[in-house]
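All remarks here apply to the structure that follows.
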Amino acid sequence: MSDPKRKNNYQNRQSKQRKHSFLEPGLKGFVATCNFREKECIRECYNILNQYSETPVLETPPTDNVTHDDDEADEDISKALEKDVAAEKMKNQKKSQKFSVADTGVTNCVFIATTLEDPAQLGIRIVRDIAETKVQKTKFLLRLIPVEAVCRANVKSISDAVGKLCDKYFLHEPKTFSIVFNKRYNNAISRDDVIKELADVVTSKNPGNKVNLTEPEMSVIVEVIKGVCCVSVLPEYLKLKKYNLLELAGGGNIPKTAETTSVVGAEAAADDPADTQEKSTAENP
């Protein structure tokens, strides 16, 4: 005779597995790196993304000057309270759906998917604010890279995805640029082939676009993670410490306690070629 409790537990586990999300083409969001503390990194990602994405709602004062008797007034107050509760519930629901984890299958590399139309705008606002205020907002989250498109990890798919972004960033005004290429657990795609192809794509959009490896205005970010690729075009990437939140806040000057030392040195650990299989930043075709 089957055990109903065991059957329910099995169904719950199956339901959770079906709901589990994986990094796949079509997503937008943020690549986040950490130092073996992924749960804490994810929590900090949610905190900082929600903090900067929330905007205050301005309340409009009532304009109805018609007088009501007590019963009508009570009814209006009751309806108003119900609307407030419903609005707050909807706000919390939207907040919970705005960001979600998508499994990358790679240690020290987290992907936070988003329903926001332009994750780059939010990510740039975060790094620029931390660079200006020098306020440390994370301890386990290191780099936070906005991702405008996720595609298959092959030269054609990457070129097509970057080409669409180039129409937005490189088409109308000439700019200096670099191509930042990182690869994790993928031996099938060639760094040189991708860089050459993307450099041709950028320069074809506007002959005035020129490579600058020291102070580029825009950087084309290519993050290959197993069989998929995350791409974006970001301003001041090198100037803003490759979007490393700890370095932007002056994390290098944090007192070297047993806890903070591993955090400060985590970028080097995450960039270990043994972990990434190949990882480079500067990018001259």
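The values are calculated or read from the model by the stated rules, or taken from the named source; none is laboratory data. Keep in mind the model is a prediction, meaning the values are calculated, not measured. Virtual Cβ from ideal backbone geometry, glycine too; neighbours counted across all protein chains shown. Note: areas computed on protein heavy atoms with side chains; ligands, DNA, RNA excluded. Shrake-Rupley method; radii C 1.70, N 1.55, O 1.52, S 1.80 Å.
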Accessible carbon and sulfur surface of region 117-171 relative to its total accessible area, %, 1.4 Å: 49 percent
Karplus-derived HN-Hα couplings along region 165-179 (A = 6.51, B = -1.76, C = 1.60, θ = phi - 60°), whole Hz, x at Gly and Pro: 5, 5, 4, 7, 10, 10, 7, 8, 10, x, 9, 8, 8, 9, 10
Region 105-120 - phi-based ³J(HN,Hα) in whole Hz, Karplus 6.51/-1.76/1.60, Gly and Pro as x: x, 10, 5, 6, 9, 10, 10, 10, 6, 9, 8, 5, 5, 10, x, 4
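Using the beta-carbon distance between residue 21 and residue 134 and R0 = 30 Å, what value does 1/(1 + (r/R0)^6) give for FRET efficiency, to the nearest 0.05? Walk me through the intermediate numbers first.
Values: r = 35 Å, r/R0 = 1.15.
Once rounded, the FRET efficiency stands at 0.30.
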Contour excess over end-to-end distance, with Cα ends at residue 103 and residue 211 and 0.36 nm allotted per residue: 35.5 nm
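Report the Stokes-Einstein translational diffusion coefficient (µm² s⁻¹, integer) for region 104-173, Rh taken as the Kirkwood radius over Cα pairs, at 25 °C with viscosity 0.890 mPa s.
168 µm²/s
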P(r), alpha carbons of region 126-222 - 10 Å bins starting at zero, rounded %: 14, 41, 31, 14, 0
Qualifying GluC sites (Glu not before Pro) in region 113-208, DSSP loop, other Cβ atoms within 10 Å at most 14: 117
Net charge of Cβ neighbours under 12 Å - reference residue 127; Lys, Arg +1; Asp, Glu -1: +3
Amide H contacts under 5 Å for residue 22, placed H, 5+ residues apart: 103
